[in-house]
Amino acid sequence: MKGNEAIAHAVIRYGADGYFGYPITPQSEVLETLEELMPWETTGMVVLQAESEVAAINMVYGGAASGKAVMTSSSSPGISLKQEGISYIAASELPALILNVSRGGPGLGTIQPSQADYFQATKGGGHGDYHLIVLAPSTVQEMVDFVGLGFDLAFKHRTPAMILADGVVGQMMEKVVLPEQKPRRTDEEVRKQCPWACNGRIGGRKRNIISSLELESSRMEVINERLQARYAEIERTETRWEEIGTKDADYLIVAFGSIARIATKAKELAAEKGIKVGIVRPITLWPFPTEAVAKAAEGKKGILVVELNAGQMIQDVRLAVHDKMPVEHFGRLGGIIPSPEEVLNALENKIVNPKSEA
Amino acid sequence: MNLCDTMELEEIIREENKVYAVPELLDQSVHMHYCPGCSHGVVHKLISEVIAELGITDHTVGVSPVGCAVFAYNYIDVDWVEAAHGRAPAVATALNRLWPENVVFTYQGDGDMSAIGTAESIHAANRGENIVMVFVNNAIYGMTGGQMAPTTLIGQKTATTPYGRRVDLNGHPLEITNLMPLLDGTCYVTRQSVHTPAAARKTKACLKKAFENAIAKRGTSVVEVVATCNSGWKMSPEKANEWMAEHMFKVYPLGDLKDTTKEQ
C-alpha cells in the first residue's frame, strides 16, 4: 500500500486516540484513509478535518494536554503553519506525533518530493529553544514502524516527535507488515500514565495546569534547563542510524529518507567500478548520529552528503567530522529525484577525483 | 444602638449569619492580578459558582486565552489548558471530543474571539462543539497596554487609535456575537454584562444555562460579557461602568440572541 495509507492503518492499530488534520498534497491520503476506515466505529479513535493547519495542531495540543495519544499530518507549507503550535507543545512538555510528508519549497513550491525541511524539523522550526525527535523513514514499512516508535518516544520523553518523510515515501507503494491492533488505553489508564494531564479533577485531586507561560525570568530559566536536560538525555539514548558497508569503504555517502535508497544503488554501481563506498543513513535526524558518523568516517578519503535540498544535513555531517576529510554535497532541487548514476557521478567528480578549482 | 455594642464579634461571625462567601472554587491562596474595577474578577466568580452549583468540578476543563485572562488558571480551581492566542476553541474541541463526558469551556477576550481567533471561534461554533465559549468584550487590548480591538468603538481612543477609531482607517467594530446565531451549531447565544449586581445575577443565570447545554450536549453556547477595562480606558471604575452603559450597550445591546432550549 501507499506510504500515506499505511500511516493511517498504523495509527489506528497503535491504539491512538485522535487525528486532526487539514488536506494538503502529497499527504491527503492519510486523512482520506482514516475517514474511510472509520476508526471511531471500531477503536473509538477521533478523526477530525479541521478548518486549518493552525486549528489542527492546536487540537493536537489540546488532546495531548489531556493525556491522549494524538497526531496530525501535513506537508511543508502546512507544517510551517503548525510551527507556533509545535513550539507550544514542546514548551508544555506534551507528547504528540506530527507527520511531514515534505514537498519542494520555498513558498507554495511544488507538490513533488523534497527534503528541504531538514533545517525546520531539526533546528527548531518554531520559536524558542526546543527540539523535536525527528524520524526519517526510507521505506513504507518504516512509515508504519515509526508511528509506534514516534508515539512511544513522545510519551517516554514527554516531547513531540516528528516523522519527516518526503513525497516519495508518502506516495510510493510497497508491501508492508502492519502491527497487531492494540487496544486504546482506557480513561483510567490514561489518568494513571499521565497524572499531569488536564482531564478533570477526578477524586478531588489538585488541579492540573498545562501552560508554557512563566513571566518570572528565574523560573523560566529553570523550565528551559529542564527541557535542555531532557534533550541531552534523548541525545544520549535515542540516536538511531543504519550503516551499509562502511567498514571496508574508502568513501562515505550520508543520506536520509528515500534518497538513501538511491545512494545505496549508487554504492553498488560504484563497486562495479572498484570504488568502495559505505552508506550512513541517519534514522533520527534529531538527535543526529554525530558519533556514529564520526566513527564511520575514520580513515575515509571523503564524504558525499546526498539530499533533496541545497545542502542542509551537510552542516551536521561537517560538525561530526570537523575538517578531517573533504565533505561535499550533492542534491537536486524543486522536486527532482536524481538517478543512482547522477549520485555516482557526483561522488566521482566531487570526492574521488575532484576537479581543481583553479 | 449599634449591634456590636450588644454582641461579641464571635457571635456575629457564624455560619447561619453568612450572607456572602467567596466561591469555593476561587483560589484564595493567590492574589488576582486584575486591576481594581476590572470585570474579569466578577466573571471568574460567576463561573466558579456555576461550576460548583452544577457539581461538575471534577470533570470541567477550562481553556484560558492570551490576554488579561491568561492567568485564569491560577484562580478557578479546575483543570486548565492555556491556549495560544486565538486557539482556545480548537484546543477545547479536542479536549471535549476526546473526553466527551467532560465539560469544557473557553474564556476568550475580544482579541482572541474576534481578531486572531475568528476562524477557530466561528468553526468550533459551526461544528456545534459541545462547549461553552465565554467572550469578555471590553473593546480594548488590556494586557498589551490598551491597543485597538476589533470591537473598539468608532471614535474610541486607544494606544493605536490615539485620535479615535476611524472607519476609513480601522474599519467597523466587529459584532462577532451577532454572527453566532446564524451558525446551526450554536444552541445558545447571549450578550450580558456585570456592571451591576442585577446584571451579574443575570449573567450567572446565562452561564448556568450555557454549562447545562454543554452537559446535555446541545451544541455550542456563546456568552458574551460586555465588560469594562477602566485602566485601558483611563477611567475610574465607576466612570467606566457609566461609559460602558452609555456607549457600548448601543453597539452591543444586551439580551439573548439565540436560545434553542426555549424552542424545545
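Out of the stretch B:118-148, which residues are in a helix (DSSP H, G or I) and of a type in the set (Gly, Ala, Ser)?
If we filter the stretch B:118-148 for residues that are in a helix (DSSP H, G or I), which is where we start, we get B:118-127.
Listed by number, the residues that qualify are B:Ala119, B:Ser121, B:Ala124, B:Ala125.
Would you mind telling me which numbered condition in (1) part of a strand (DSSP E or B); (2) closer than 18 Å to A:Leu94 by Cβ; (3) not basic (Lys, Arg) A:Leu164 fails?
(2) is the only condition that A:Leu164 fails.
Every residue in the stretch B:157-174 that is in contact (Cβ under 8 Å) with a residue 40 or more places away in the chain and out of contact with any helix residue (DSSP H, G or I) (no Cβ under 7 Å at 6 or more places or on another chain), please.
B:Thr158
Quick one: which residue in B:Val136, B:Val132 is over 25 Å from A:Val47 (Cα atoms), among the aliphatic types (A, V, I, L, M), away from every other protein chain (no Cβ under 13 Å) and surrounded by 24 or more Cβ atoms within 10 Å (Cβ to Cβ)? Step through it out loud before you land on a result.
Values: B:Val132 fails: over 25 Å from A:Val47 (Cα atoms).
After ruling out the rest, the residue left standing is B:Val136.
Give the residue that is nearest to the chain's Cα centre (by Cα), with candidates limited to residues of the stretch B:72-84 that are at the interface with chain A (Cβ under 8 Å from one of its Cβ atoms) and among the aromatic types (Phe, Trp, Tyr).
Looking at the filtered set, the residue picked out is B:Tyr73.
Which of the residues belonging to the stretch B:172-226 are among the basic types (Lys, Arg) and more than 24 Å from B:Ser39 (Cα to Cα)?
B:Lys217, B:Arg218
If you take just the helices (runs of 4 or more DSSP H) that sit entirely in the stretch B:1-117, which of them hold at least 3 residues that are more than 19 Å from B:Cys229 (Cβ to Cβ) and touching a residue at least 24 places away in the same chain (Cβ under 8 Å)?
Here the list reads B:40-54, B:88-98.
Residues in the stretch A:47-68: is at least one assigned by TED's automatic domain parsing to the domain that holds A:Ile163, closer than 16 Å to A:Gln181 by Cα and touching a residue at least 12 places away in the same chain (Cβ under 8 Å)?
No, the stretch A:47-68 contains no residue that is assigned by TED's automatic domain parsing to the domain that holds A:Ile163, closer than 16 Å to A:Gln181 by Cα and touching a residue at least 12 places away in the same chain (Cβ under 8 Å).
Residues of the stretch A:52-81 being more than 8 Å from chain B (Cβ to nearest Cβ) and of a type in the set (Ser, Thr, Tyr), which ones?
A:Thr72, A:Ser73, A:Ser74, A:Ser75, A:Ser76, A:Ser80
Could we say that A:Arg191 is within 12 Å of chain B (Cβ to nearest Cβ), farther than 21 Å from A:Ser92 by Cβ and touching a residue at least 12 places away in the same chain (Cβ under 8 Å) here?
When the stated conditions are applied, A:Arg191 does not pass them.
If B:Tyr107 satisfies every condition in (1) more than 8 Å from every other protein chain (Cβ to nearest Cβ); (2) in contact with a strand residue (DSSP E or B) (Cβ under 8 Å, 6 or more places away or on another chain); (3) within 14 Å of B:Ile56 (Cβ to Cβ) but one, which is the exception?
(3)
Is it the case that some residue within the stretch B:58-66 is among the polar types (S, T, N, Q) and either more than 7 Å from chain A (Cβ to nearest Cβ) or buried (at least 24 other Cβ atoms within 10 Å of the Cβ) (or both)? Can you show your working first?
In the first step, residues of the stretch B:58-66 are kept if they are among the polar types (S, T, N, Q); the result is B:60, B:64.
Adding the requirement that they be either more than 7 Å from chain A (Cβ to nearest Cβ) or buried (at least 24 other Cβ atoms within 10 Å of the Cβ) (or both) leaves B:60, B:64.
Scanning the stretch B:58-66, I find at least one residue that is among the polar types (S, T, N, Q) and either more than 7 Å from chain A (Cβ to nearest Cβ) or buried (at least 24 other Cβ atoms within 10 Å of the Cβ) (or both), so the answer is yes.
Quickly run through the stretch B:37-57 and pick out the residues that are over 17 Å from B:Val70 (Cα atoms) and either surrounded by fewer than 16 Cβ atoms within 10 Å (Cβ to Cβ) or among the hydrophobic types (A, V, I, L, M, F, W, C) (or both).
B:Leu46, B:Val50, B:Ile51, B:Ala52, B:Glu53, B:Leu54, B:Gly55, B:Ile56
In the stretch A:310-320, which residues are surrounded by 22 or more Cβ atoms within 10 Å (Cβ to Cβ) and in contact with a strand residue (DSSP E or B) (Cβ under 6 Å, 6 or more places away or on another chain)?
Once the filter is applied, which keeps residues that are surrounded by 22 or more Cβ atoms within 10 Å (Cβ to Cβ) and in contact with a strand residue (DSSP E or B) (Cβ under 6 Å, 6 or more places away or on another chain), the stretch A:310-320 yields A:Met313, A:Ile314, A:Val317.
Quick test of your reading of the structure: B:Ala199 fulfils all but one of (1) closer than 20 Å to B:Tyr107 by Cβ; (2) not in a helix (DSSP H, G or I). Name the failing condition by number.
Evaluating B:Ala199 over (1) closer than 20 Å to B:Tyr107 by Cβ; (2) not in a helix (DSSP H, G or I) leaves (2) as the failure.
If B:Leu257 satisfies all but one of (1) assigned to a strand (DSSP E or B); (2) aliphatic (A, V, I, L, M); (3) in contact with a Cys (Cβ under 9 Å, 6 or more places away or on another chain), what's the number of the condition it fails?
Going through the list (1) assigned to a strand (DSSP E or B); (2) aliphatic (A, V, I, L, M); (3) in contact with a Cys (Cβ under 9 Å, 6 or more places away or on another chain), B:Leu257 breaks only (3).
Name the pairs whose Cβ atoms lie under 8 Å apart, with the first residue in the stretch A:2-22 and on the phi > 0 side of the Ramachandran plot, the second surrounded by fewer than 24 Cβ atoms within 10 Å (Cβ to Cβ) and not in a helix (DSSP H, G or I), and 6 or more positions between them or separate chains?
From residues that are on the phi > 0 side of the Ramachandran plot, the pairs are A:Gly15/A:Thr43; A:Gly15/A:Gln181; A:Gly15/A:Lys182; A:Gly15/A:Pro183; A:Gly15/A:Arg184; A:Gly15/A:Arg185.
Just to be sure before I move on: is B:Ala69 within 14 Å of another protein chain (Cβ to nearest Cβ), in contact with a strand residue (DSSP E or B) (Cβ under 6 Å, 6 or more places away or on another chain) and buried (at least 18 other Cβ atoms within 10 Å of the Cβ) in the structure I sent?
yes
Residues in the stretch A:52-63: is at least one farther than 30 Å from A:Glu221 by Cα and not small (Gly, Ala, Ser)?
Looking for residues that are farther than 30 Å from A:Glu221 by Cα and not small (Gly, Ala, Ser), one finds at least one in the stretch A:52-63, hence yes.
Got at least one residue in the stretch A:345-358 being part of a helix (DSSP H, G or I) and either among the acidic types (Asp, Glu) or at positive phi (or both)?
Let us first name the residues in the stretch A:345-358 that are part of a helix (DSSP H, G or I), namely A:345-352.
So of that shortlist, the ones also either among the acidic types (Asp, Glu) or at positive phi (or both) come out as A:348.
Yes - at least one qualifying residue is present in the stretch A:345-358.
Do you know which of the residues in the stretch A:15-44 that are within 14 Å of another protein chain (Cβ to nearest Cβ) and among the hydroxyl-bearing types (Ser, Thr, Tyr) is nearest to A:Ser80 (Cα to Cα)?
Checked the stretch A:15-44; the qualifying residue nearest to A:Ser80 (Cα to Cα) is A:Tyr22.
Could you check B:Glu101 against (1) more than 12 Å from chain A (Cβ to nearest Cβ); (2) touching a His at 6+ places or on another chain (Cβ under 7 Å) and say which number it fails?
(1)
The values are calculated or read from the model by the stated rules, or taken from the named source; none is laboratory data. All values derive from a computational prediction rather than experimental measurement. No Cβ is skipped: glycine too gets one built from the backbone with ideal geometry, and neighbour counts run over all protein chains shown.
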